[in-house]
Amino acid sequence: MAVTIIYLEDVTVDFNGFKALHGVNFFVDYGELRVLIGPNGAGKTTLLDVICGWVKPESGRVLYGEGKDIQRLTEHKIARLGISRKFQTPSVFVNLTLFENIELSLRRGEGFWGTLSSSLNGEDRDRIFSVLKMIGLADKASERAGSLSHGEKQWLELGMNIVVQPSLLLVDEPVAGMTGREREKTGELLQAIAKDRSVLIVEHDMEFVRQIAKKVTVLHEGTVLCEGSMERIQNDPTVIEVYLGRGEKGEREC
Amino acid sequence: MGIETLLSQIFNGLSLSSVLLLVGLGLSITFGIMGVINFAHGEFLMVGAYVVYVLQTLFNKLYGHGASGVSFLISIPLSFFVAALLGFSLEKVLIRFLYGRPYEGILATWGCSLILQQAARNIFGANNVDVTSPKWLAGGVEAMPGLQLPYNRLFILALTTLCVVGIYLYLYRTAQGRRMRAVMQNRDMSACLGIRTRKVDTFTFALGSGLAGIAGCAVSLLGSIGPSTGQNYIIDAFMVVVLGGTGRLAGTIAGALVMGVLNPVFELISTSSMGKVILFILVILFLQGKPQGLFSLKTRALD
Amino acid sequence: MMDAKPAKSAIFRFKWFALVMLLLTLAPFFLSDFRLNLFGKFLTFAIVALGIDLIWGYAGILSLGHGVYFGLGAYCMGAYLKLQAEDLPDFMGWSGLTELPRFWKPFYHAWFALPMTLLIPMLFALLIGFPTFRARIKGVYFSILTQALALIFVTLFIGQQPYTGGTNGITNLQNIFGFSLAEPATMRGLYAVTVLMLGIAYLLCHWLTHTQLGKVLVAIRDGENRLRFLGYNPALFKVLVFAISAGLAGLAGALFVPQVGIISPSMMGILPSVEMAIWVAVGGRGTLKGAVIGAVLVSAAKSYFSENFPELWLYFLGVLFISFVLLFPQGIMGFWQKGRFEWATFILRWREKRFARSSSPNGLPRKCH
């Protein structure tokens, strides 16, 4: 039985000459909660893009689960295999209700005729409501998603992701633009979600990272710089230099 | 059918490509900078063509029929200015409200196109009018036995090359050109740096329209012109933009070459209607493999 | 636009539908034959508009070349009716053909021709839609391609005069199923069939948009890539609804021909196709009712202008395009459903402000001094 849920082997991504990822070797274990950090332009979002199929690597392999090579698959097939993603800017369907948003995610396997003929059964309905309760938005189930606040949209998106019980959840900057209270709630939510699956989070907010991370990977200029516990990477001289020393366009949180 | 016929068709195709390039450049720049597809663009071509006609009629009245050469030469910059002025006004009155809304842009500018065409019909009559080419553009050079390259088409090629070089120099060697490119690549950042994006928008639109006006001059050399002359070129010009991708000069040139040259070549092989059909099918197949077109700026946006 | 609506009882929801259907059925009693025939034509346009609303209002696909599918359906019907009138169509004789071309022959039979009016447009829509949507060509690029396609078809049909009747198209039709097309009774019968088909088309579109499919289409419109990452294949849905809308256009074309008596390439080109889009824009996208209303109103306006001020029609159409796109993007139905409340609120607030200003000395609200 494989230990890793996702394994990027020697992956290189080239955007018209600019190497966003350069021979990256990266893996996440089953049931692990991993945080990916790094300065702007390090390639964090690109790495997520590669996993979910939005960007096809120049070279290297992307292995999912029991060694399934997924880099040639289309995005929706990868999603159906159990990889879900929450995007940086909240991407919910503003003209549908919260319930309908989650329902849409749940009913993804129906196909054209299925969407015409099948209807929601009680079990699925209950599942949707339990997800709504988990993200704390059960009382707004019939409201238009467009009326939600920025933070609430993020939670809704997480709800849409988890209702299909993915094996790997990719989360891109979950607390960007959130208040302190919202951040706390998001952290709890993510930890609850991570109990049953692997979660890979990209984040800039070091406070938040400290709060939830067990193992952290630092990406820099398209390569893995350092990996380990929060303590270890905080004290690593190369990491410190990259974040504080050379005046890169990145943050100076560490 | 000998090699001469093929080469002749290719050459004709090149002059067609030139027209499409001039028209397509304007479209590409406008879409690249403002996210607006201007369906009235063909009418700027028509306006340019009518400028040639009007000026010629005027000169004929004033100086008799010998002045067609002079009037034509004057028409070229004049067409540019008239079309650019029309574009400038249109931008201020309508286009600016369509910024970033391509669907709305298509429909609203289509409405403009209808109005402009009808206005042309009301002013000049619904029938096509003939524009006499200057005498010094009559005839051609004999490149090979049996293959004559008409001077008027050579002139069009030269004119287009001049314009493209001019645009290139403007975009890459002048401060205003740099500003235009900046706004095209990153509007918000340009605004933060103090570039008056509104001014750049208006100016860019006027520039693109002016180019179409010059294309109108070129078209007047090829045959009679009328209110719907613009319509004859606009779809092909759009295909040029679709094929070549927006925002890249090289792409537009490549797209124009494909649309301009392959069309007459295919017409040779089959009948006139089938030629276009084959070309279109090929374009769709091509886009299957490369949906962003021949060259385009890769973005990392989600939608 | 499509929103979540609370569930209502089925009978209540369809009361307006029933009312409108009733009015349409009664129309022959208070419209002259000429006007009724014209109205029948408008109703065929309404069917096209429903198809366009389905893909544009709900799925966000703007087709500016739907005239092609309308035309294909119309030509199929035209071919059938022509072969009822003449063994060898007149334009074939003029073009030097002495025998009916092989692919024309099956159109002699109603059992072939009639289904073809739906199937051929749908087949073309699938052929065009599948590679295009699969290549993720969308938005304005797709719209431009549909225009190019319309141009191609018009060029093709004009060019192949021996097979299609060229610029003149198919004319001189005589009767349908034995009934003379010139008889008022036949006209009324065709009108009745059109009303029935419109009703069915409306119910079909209503059903499609109120099942889960409707939500998927809205999701495609509002966030296609997001939907992709949820595990949907948007291309599949787009191709299939595009085909359905093409079928509706073909049906409309088939109903158009016997009522108007002619089909020519000018009815399937770019200008009529773009007009079809404006019907939906005027009526209100994503409402279905709006499509019907827009088609009838704009076509009626066109008739009016063509009869009285033919020169002005294109000016009017142009202004219509611009104003509905910029000033009334929700269209008539959109305004009725949402816009009128927004306007009312706007006017109330404006009056409040004005009242507050006029009753304080220096123009500031009374509270802050």
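Among the conditions (1) over 14 Å from the mean Cα position of the chain (by Cα); (2) surrounded by fewer than 17 Cβ atoms within 10 Å (Cβ to Cβ); (3) assigned to a loop (DSSP other than H, G, I, E, B), the only one that A:Thr89 does not satisfy is (1).
Of the residues that make up the range C:239-258, is at least one farther than 22 Å from C:Ala201 by Cα, small (Gly, Ala, Ser) and either in contact with a strand residue (DSSP E or B) (Cβ under 8 Å, 6 or more places away or on another chain) or within 12 Å of chain A (Cβ to nearest Cβ) (or both)?
Of the residues in the range C:239-258, the ones farther than 22 Å from C:Ala201 by Cα are none.
No: zero hits.
Closer than 25 Å to C:Ala74 by Cα, among the aliphatic types (A, V, I, L, M), part of a helix (DSSP H, G or I) and within 13 Å of another protein chain (Cβ to nearest Cβ), is that true of C:Val319? No; evaluated as a whole, the condition is false for this residue. The set of residues from the range B:33-49 being assigned to a helix (DSSP H, G or I) and under 21 Å from C:Leu271 (Cβ atoms) comprises B:His41, B:Gly42, B:Glu43, B:Phe44, B:Leu45, B:Met46, B:Val47, B:Ala49. Being surrounded by fewer than 22 Cβ atoms within 10 Å (Cβ to Cβ) and closer than 30 Å to A:Asn16 by Cβ is a property that does not hold for A:Ser167.
Suppose we keep only residues that are of a type in the set (Lys, Arg) and modelled with pLDDT of 90 or more within the range A:196-254. Which one would you say is nearest to A:Phe15 (Cα to Cα)? Don't jump to the end; show me each part of the working.
Filtering the range A:196-254 down to residues of a type in the set (Lys, Arg) leaves A:197, A:210, A:214-215, A:232, A:246, A:249, A:252.
If we keep only those that are modelled with pLDDT of 90 or more too, we end up with A:197, A:215.
On the way: A:Arg197: 32, A:Lys215: 29 Å.
Only one residue fits best here, namely A:Lys215.
For A:Ala79, the conditions (1) in a helix (DSSP H, G or I); (2) surrounded by 20 or more Cβ atoms within 10 Å (Cβ to Cβ); (3) more than 8 Å from every other protein chain (Cβ to nearest Cβ); (4) not acidic (Asp, Glu) all hold with the exception of (3). The number of residues in the range A:144-163 being in contact with a helix residue (DSSP H, G or I) (Cβ under 6 Å, 6 or more places away or on another chain) and either free of Cβ contacts under 8 Å to residues at least 40 places away in the same chain or within 11 Å of chain C (Cβ to nearest Cβ) (or both) comes to 4.
If you check C:Ala277, C:Ala301, which single one turns out to be out of contact with any Phe, Trp or Tyr (no Cβ under 6 Å at 6 or more places or on another chain), crowded, with 24+ Cβ neighbours inside 10 Å and assigned to a helix (DSSP H, G or I)? Give the derivation first.
On the way: C:Ala301 fails: crowded, with 24+ Cβ neighbours inside 10 Å.
Sole residue among the options that is out of contact with any Phe, Trp or Tyr (no Cβ under 6 Å at 6 or more places or on another chain), crowded, with 24+ Cβ neighbours inside 10 Å and assigned to a helix (DSSP H, G or I): C:Ala277.
Screening B:Arg96 against (1) within 14 Å of B:Met46 (Cβ to Cβ); (2) within 14 Å of chain C (Cβ to nearest Cβ); (3) not in a loop (DSSP other than H, G, I, E, B) leaves a single unmet condition, (1). The number of residues in the range C:143-168 being farther than 14 Å from C:Ser264 by Cβ, over 22 Å from the mean Cα position of the chain (by Cα) and at the interface with chain B (Cβ under 10 Å from one of its Cβ atoms) comes to 0. Of the residues making up the range B:166-184, at least one is in a loop (DSSP other than H, G, I, E, B), more than 30 Å from B:Gln118 (Cβ to Cβ) and of a type in the set (Ser, Thr, Tyr). Taking the criterion of being touching a His at 6+ places or on another chain (Cβ under 9 Å), within 13 Å of chain C (Cβ to nearest Cβ) and surrounded by 20 or more Cβ atoms within 10 Å (Cβ to Cβ), would at least one residue in the range A:52-70 satisfy it? Scanning the range A:52-70 turns up at least one residue that is touching a His at 6+ places or on another chain (Cβ under 9 Å), within 13 Å of chain C (Cβ to nearest Cβ) and surrounded by 20 or more Cβ atoms within 10 Å (Cβ to Cβ). Considering the conditions (1) away from chain B (no Cβ under 14 Å); (2) touching a residue at least 40 places away in the same chain (Cβ under 8 Å); (3) not polar (S, T, N, Q), C:Arg221 is excluded by exactly one of them, (1). Just wondering, is there one or more residues in the range C:26-37 that are within 30 Å of B:Phe39 (Cα to Cα) and assigned to a helix (DSSP H, G or I)? No, there is no match, as no residue in the range C:26-37 is within 30 Å of B:Phe39 (Cα to Cα) and assigned to a helix (DSSP H, G or I). The requirement of being more than 16 Å from C:Phe124 (Cα to Cα) and within 17 Å of the chain's Cα centre (by Cα) is fulfilled nowhere in the range C:218-226; no residue meets it.
When C:Leu126 is tested against (1) modelled with pLDDT under 90; (2) more than 9 Å from chain B (Cβ to nearest Cβ), just one condition goes unmet, and that condition is (1).
Conditions tested, residue by residue: (1) within 14 Å of chain C (Cβ to nearest Cβ); (2) closer than 21 Å to B:Gly69 by Cα; (3) crowded, with 24+ Cβ neighbours inside 10 Å; (4) without any contact (Cβ under 8 Å) to a residue 12 or more places away in the chain.
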{"residue": "B:Arg196", "(1), (2), (3), (4)": "no, no, no, yes"}
{"residue": "B:Val200", "(1), (2), (3), (4)": "no, no, no, no"}
{"residue": "B:Ile214", "(1), (2), (3), (4)": "no, yes, yes, no"}
{"residue": "B:Leu222", "(1), (2), (3), (4)": "no, yes, no, no"}
{"residue": "B:Ile225", "(1), (2), (3), (4)": "no, yes, yes, no"}
{"residue": "B:Gly230", "(1), (2), (3), (4)": "yes, no, yes, no"}
{"residue": "B:Ile235", "(1), (2), (3), (4)": "yes, no, no, yes"}
{"residue": "B:Val241", "(1), (2), (3), (4)": "yes, no, yes, no"}
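Take the residues in the range C:169-185 that are touching a residue at least 60 places away in the same chain (Cβ under 8 Å) and more than 24 Å from C:Pro265 (Cα to Cα); name whichever of them is surrounded by the fewest Cβ atoms within 10 Å (Cβ to Cβ). Going through the qualifying residues, I end up with C:Phe177. For the residues C:Pro131, C:Pro89, C:Pro121, the requirement of being in contact (Cβ under 8 Å) with a residue 12 or more places away in the chain and either more than 20 Å from the chain's Cα centre (by Cα) or within 14 Å of chain B (Cβ to nearest Cβ) (or both) singles out C:Pro89. Among the residues of the range A:119-139, those identified as surrounded by 14 or more Cβ atoms within 10 Å (Cβ to Cβ) and within 12 Å of chain C (Cβ to nearest Cβ) are A:Leu120, A:Asp124.
The residues of the range C:164-186 that are over 25 Å from C:Phe103 (Cβ atoms) and either touching a Phe, Trp or Tyr at 6+ places or on another chain (Cβ under 6 Å) or not charged (D, E, K, R) (or both), listed by number, are C:Gly178, C:Phe179, C:Ser180, C:Ala182, C:Pro184, C:Ala185, C:Thr186. No other residue among C:Leu255, C:Leu230 is at negative phi and more than 16 Å from the chain's Cα centre (by Cα) apart from C:Leu230.
The values are calculated or read from the model by the stated rules, or taken from the named source; none is laboratory data. Worth saying up front: this structure is predicted, and the values here are computed from it rather than measured. Ideal geometry is used to build each Cβ from the backbone, glycine not excepted, and the neighbour counts take in all protein chains shown.
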